[in-house]
Amino acid sequence: MIVTTNLAFDRWEEVFHDTNLTGALVGRLTHKAHILDMSGDSYRFKETRESMGK
C-alpha cells in the first residue's frame, strides 16, 4: 500500500479531529513501514507554470 500526503504526521489530527484515532492510524500505517521523504519541487507545479508561459 502506498499512502501519500503533503502533511506531516503531527498535523494529521487536523484531518481526523481525534487524537486517539490519529495516533492509532499513524501507528498502524508506520509499523514496519518504509517512509520516503519526497521533499522538493513539484513536477506538476513546474509543468503547469511552464504551460502558462511563466
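The values are calculated or read from the model by the stated rules, or taken from the named source; none is laboratory data. Values in this document were obtained by computation on a predicted structure and should not be read as measured data. Accessible surface is based on the protein model in full, side chains and every heavy atom, while ligands, DNA and RNA are left aside. Shrake-Rupley method; radii C 1.70, N 1.55, O 1.52, S 1.80 Å.
Helices in the chain, meaning DSSP H runs of at least 4 residues, each add -39500 (n - 2.57). Divided by all residues, the mean residue ellipticity at 222 nm is -12500 deg cm²/dmol.
When the solvent-accessible area of the chain is split by element, carbon and sulfur atoms take up 54 percent of it, the probe being 1.4 Å.
Remark: the range 8-24, residue by residue, has Karplus-estimated 3J(HN,Hα) of 5, 3, 6, 9, 5, 4, 4, 8, 8, 6, 8, 4, 5, 4, 5, x, 5 Hz, where x stands for each Gly or Pro and the curve is 6.51 cos²θ - 1.76 cosθ + 1.60 at θ = phi - 60°.
Compactness ratio for the chain: Cα radius of gyration over 2.2 N^0.38 Å (N = residue count) comes to 1.55.
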